[in-house]
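Take a look at the structure below.
The values are calculated or read from the model by the stated rules, or taken from the named source; none is laboratory data. No experiment lies behind these values; they were computed from the predicted model shown. Ideal geometry is used to build each Cβ from the backbone, glycine not excepted, and the neighbour counts take in all protein chains shown.
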Amino acid sequence: MYGSPVTFIIPGVIKLYPIVTVNSHPSNLVFILLTVLCLSCKPEQSIDRETLVSRHNVINTSFDFLGSLTVGNGGFAYTVDFTGLQTFPEEYARGIPLGTQSDWGWHSFPNVQDYGIDETMAEYRVHDRDISYSVQVKTPPRRKAAVDYFRINPHRLHLGIIGFNIRNAEGQKVSPDDIYDIHQVLDAWRGEIRSTFNVLDEKVEVITVCHPELDAISIHANSRLISTGELKINISFPYPSGIHSDMACNLNAPESHSSSLQISEAHTALIERTLDTTRYFTKLGWKGELDIRGTGPHSFELSSPSDSFNVTVQFSPRKPEKPLPAFEETSALGRESWFDFWMSGGAVDFTGSMDPRAAELERRIVLSQYLTRVQCAGSQPPQETGLTYNSWYGKFHLEMAWWHMVHFYLWNRPELMEESLSWYETIAGKAENTARRQGYGGVRWQKMTDPFGNDSPSSVGSFLIWQQPHFIYFAELCYRYYQDSATLNRYKDLVFSTADFMASYPWYNPDKDRYELGPSLIPAQECFDQRVTINPPFELSYWYWGLTTAIEWSRRLEQAPSPEWEKVLAGLSTLYSRDSLYLPAESVPMAYLEGTHMHDHPAVLGAYGAMPDCPLFDINTMQNTFDFVWENWQWEETWGWDFPLTAMTAVRLGQPERAIEALFMQPKTNTYLPNGHNYQDGRLRLYLPGNGGLLTAVAMMCAGYDGCTIPDPGIPRNGLWKVRWEGLSPMP
C-alpha cells in the first residue's frame with residue numbers, strides 16, 4: 001500500500017539496532033530519520049572500551065599450572081588448561097585446578113550415623129546467661145564426628161571433567177611435555193578462549209565458550225588428529241572428595257555413584273548422574289558425524305571421522321528438554337552478552353600515565369572485572385575460590401560477601417549484586433532460628449554456610465558478627481541506584497529484621513552507661529579470644545552505620561523507627577583508644593602496641609576505610625592509627641582484601657600516594673597472577689575477595705565517596721598519573 005520496504009543501517013548503534021526495515025510512508029520515514037539522528041548524535045564514550053579490555057587479554061605460551069583460564073556466566077564456570085579443555089587435570093591440581101562448578105551442584109554424603117546439628121552445640125556463659133554456639137571440638141569421638149559431618153556436608157560438586165584424549169600411534173597418552181608451539185588467548189572482550197598447539201606433528205585449534213544463560217560450554221576444535229582417531233574428547237565424572245580445599249574429585253570410588261548414557265535422538269546424548277540422593281544431567285549436542293561410547297563406569301569418549309568437533313555440553317539439575325544450541329549460536333550469544341557487560345557500567349583507563357605501576361593496575365582492574373563476572377555473579381554469594389575449585393568444602397562465607405558484591409554497584413552493574421540478594425530471603429528463616437535459639441531478636445546472618453542456609457560448626461565463624469550489617473549495606477546500595485519505593489518495599493523486611501538483631505545483641509553496661517559489643521565475639525581480625533573481646537572498632541562503626549541506615553529506611557517509608565534501634569544507637573560505645581591509637585578491640589592487652597597482635601586483617605582501618613564518618617571516632621586518632629599500622633603491621637600475614645582496605649583508608653585520609661602504594665605492597669598475598677587471579681598461598685591459589693576488593697578500592701580512588709569534593713581522590717597528583725574514568729559511583 002505504501003510502496004517497497006526501505007532498509008536503514010543505524011550508525012554507531014549496530015549492537016542495539018542492526019537493521020530497521022519500514023514501509024516508505026512519509027510519516028514512517030520522518031520517524032525513523034529522527035530516531036537515526038537522535039541515536040547517532042549521542043555523545044561518544046570517552047574511553048575506547050574494546051581497546052582498553054583487549055590490551056589485557058591473557059596469553060599463555062607454555063604449560064603453567066597457575067595459568068589456567070575460565071569461561072563462565074556468573075553461576076557456572078568451566079576452567080581449562082593450555083589445550084582449551086581439561087586435558088591434564090592431575091598436573092593442574094596443585095595449581096589453579098580445572099573445575100566445572102555451578103551454584104546448584106551440591107552433594108551430601110549419607111548421614112548413616114544420624115548426626116544432629118544439636119550435637120555440635122556448646123553453651124557459653126555470656127552476661128549471666130547461657131548461649132549455644134555450633135563449634136568445632138576434638139572430643140568426645142561422636143561429637144567430633146558430628147562436627148566433621150556438618151562442616152563437610154553439603155559440599156560443592158565438580159560436575160564433570162571434559163578434556164582431550166590424545167594418544168600416539170602406539171596408544172600411549174601424551175604428556176604436557178609432548179606438546180609444543182602453545183599459543184592460548186583469553187579474549188576477555190568476547191569471553192572466549194582460543195588455543196592452538198602442536199602435538200604428534202599436527203596442529204590443533206580450539207575455541208571454548210560458555211553460554212550466557214545455560215550452564216553449558218561449546219567447543220570447536222580442528223585437527224587432522226581427530227579423523228585419524230589420535231585426538232578424542234573424553235568426559236569423566238568423579239565422586240566428591242569431601243576435602244577442605246581441592247578439585248572435589250575422588251576417582252577411586254566408582255561403586256558409589258552411577259553415570260547412565262542414553263541416546264534417544266540424532267546428534268544428542270544424555271548422561272544421567274546419581275550420587276547418593278543427588279541427581280543431575282549432562283546433555284551433549286553436536287554437528288556432523290560423531291560417535292559417543294562408554295570407556296568405563298564414569299567415562300565417555302567422543303570421536304569423529306572428520307577433522308573437527310563442534311560440541312555443546314550442558315549441565316543441569318533437571319533433565320534438559322530443549323535442543324542444545326550449536327557452537328556458532330553459543331559463541332554469538334556469548335559475544336553479545338560480553339559486549340553488553342563491557343559497554344555498561346564503569347571503565348578506568350590509565351593511558352598516558354608515566355608511573356610504571358599504572359599499566360599493571362589497569363591490567364588487574366580489567367581482569368578482576370572479568371573474573372568476578374564469570375565466578376561471582378550467580379544466584380548465591382560465591383565461595384572464596386569462586387567456581388574453580390573447593391575451599392572450605394565449596395561453602396561460602398557471608399562476611400566475604402561485602403568484598404564479592406559491593407564493587408558491582410560501584411561499577412554501576414547492580415543487577416549482578418542483586419542476583420544473590422534474593423538468596424538471603426530464602427535462608428532468612430534459619431537465620432531467625434539462630435537468633436531465637438541464642439535469645440536475640442531478628443535474624444542473625446550465617447558465616448560459613450551453603451545454599452540452604454545451614455551454619456557450619458566453627459570455633460571462629462560462629463562468633464563473627466561483621467557479616468550482620470552487610471544486608472543493610474547491599475539494600476542501601478540498591479536504593480541509592482534505583483531511588484524508588486519498590487526497592488524499599490522489596491528489602492524492608494530483611495533490613496528491619498537485620499537491625500532487630502543488631503539492637504538486641506549489644507549488652508548494656510550500667511557501670512559505664514553504654515552499649516557494648518561482645519563477648520562472645522571474634523572480630524574481623526580473627527586472632528582474639530571470643531570469651532573476653534569487646535568493642536572492636538570496625539564492628540562498632542558498622543553497627544552505628546547499620547542502625548542509622550535502618551532508621552532512615554523507616555523514615556523513607558513514613559514509619560516510626562524502632563525505639564530499640566534509636567536507644568542502642570544513642571548509647572553505643574565509642575571507639576577505644578590508648579596512646580592516641582585505636583586498638584583492634586577495647587579488650588586487647590598492652591602487648592598489642594609491641595606488635596604481638598599486628599597480624600591477620602588490619603580491620604581497625606575498616607572503621608573508617610569501609611565506613612563513612614561517624615561520631616564514634618576522632619579523625620586525628622584515626623590518622624595516627626593508620627600511620628602506626630602502616631609502619632608496624634606484619635604485612636606478610638595478611639589476606640588479599642587487606643591491601644584494598646588499606647588503600648580505601650588512605651583515600652579517606654587524603655593520602656593518594658599511599659593508596660597506590662597499598663595496592664602494590666609486596667607480600668605474597670598481594671600477588672596477581674598473569675591470568676588476573678589474586679594468589680594467597682599453597683592452599684588458596686586464587687582468592688576472589690582480593691579481586692573484588694581491588695575493584696572497590698579503585699572505584700573509591702576515582703569516584704570518591706559521599707561528601708568528597710576532591711576529583712580522583714585516590715590518584716596521586718605528582719604528574720605521573722593520568723586517569724580517565726566513567727560510569728563509577730561514589731561509596732557511601
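Quick notes on this structure:
- All conditions in (1) farther than 23 Å from I522 by Cα; (2) in a helix (DSSP H, G or I); (3) not polar (S, T, N, Q) hold for Y473, with the sole exception of (1).
- Checklist (1) of a type in the set (S, T, Y); (2) surrounded by fewer than 22 Cβ atoms within 10 Å (Cβ to Cβ); (3) touching a Ser or Thr at 6+ places or on another chain (Cβ under 6 Å) applied to Y592, failing item: (3)
- Set F463, F452, F396, F408: member being at pLDDT 95 or above and in contact with a Phe, Trp or Tyr (Cβ under 8 Å, 6 or more places away or on another chain): F463
- For the range 561-601, the set of residues classified as in contact with a Pro (Cβ under 6 Å, 6 or more places away or on another chain) and either farther than 20 Å from A524 by Cα or among the aromatic types (F, W, Y) (or both) consists of V568, Y582, listed by residue number.
- Failed item in (1) crowded, with 24+ Cβ neighbours inside 10 Å; (2) out of contact with any Leu (no Cβ under 9 Å at 6 or more places or on another chain), with A697 passing the rest: (2)
- Of residues in the range 204-239 being within 23 Å of the chain's Cα centre (by Cα) and outside any strand (DSSP E or B), the one nearest to R156 (Cα to Cα): D215
- Some residue of the range 408-416 being surrounded by fewer than 24 Cβ atoms within 10 Å (Cβ to Cβ), outside any helix (DSSP H, G or I) and not assigned by TED's automatic domain parsing to the domain that holds H267: yes
- Here the condition is being without any contact (Cβ under 8 Å) to a residue 12 or more places away in the chain, on the phi < 0 side of the Ramachandran plot, touching a helix residue (DSSP H, G or I) at 6+ places or on another chain (Cβ under 7 Å) and not acidic (D, E); of A570, A499, A560, A550, it holds for A560 alone.
- When S102 is tested against the conditions (1) touching a Pro at 6+ places or on another chain (Cβ under 7 Å); (2) within 30 Å of L69 (Cβ to Cβ); (3) of a type in the set (G, A, S), the lone failure is (1).
- Evaluated against (1) part of a strand (DSSP E or B); (2) more than 26 Å from E50 (Cβ to Cβ); (3) in contact with a helix residue (DSSP H, G or I) (Cβ under 8 Å, 6 or more places away or on another chain), G242 falls short on exactly one condition, (1).
- Flag if R363 is surrounded by fewer than 20 Cβ atoms within 10 Å (Cβ to Cβ), modelled with pLDDT of 95 or more, part of a helix (DSSP H, G or I) and touching a His at 6+ places or on another chain (Cβ under 7 Å): yes
- The condition (being surrounded by fewer than 17 Cβ atoms within 10 Å (Cβ to Cβ) and in contact (Cβ under 8 Å) with a residue 24 or more places away in the chain) is satisfied by just one residue among E289, E336: E336.
- Residue in the range 166-176 that is among the aliphatic types (A, V, I, L, M), outside any loop (DSSP other than H, G, I, E, B) and surrounded by 20 or more Cβ atoms within 10 Å (Cβ to Cβ) present: yes
- Residues of the range 293-350 satisfying the condition of being farther than 20 Å from G75 by Cα and touching a Cys at 6+ places or on another chain (Cβ under 9 Å): G346, V348
- Residues in the range 272-286 that are closer than 20 Å to L324 by Cβ and either free of Cβ contacts under 8 Å to residues at least 12 places away in the same chain or of a type in the set (S, T, Y) (or both): Y280, T282.
- In the range 445-499, residue surrounded by the most Cβ atoms within 10 Å (Cβ to Cβ) [restricted to those that are acidic (D, E) and under 17 Å from L557 (Cα atoms)]: E476
- Residue count, the range 330-353 (criterion: in a helix (DSSP H, G or I) and either among the hydrophobic types (A, V, I, L, M, F, W, C) or over 29 Å from N412 (Cβ atoms) (or both)): 7
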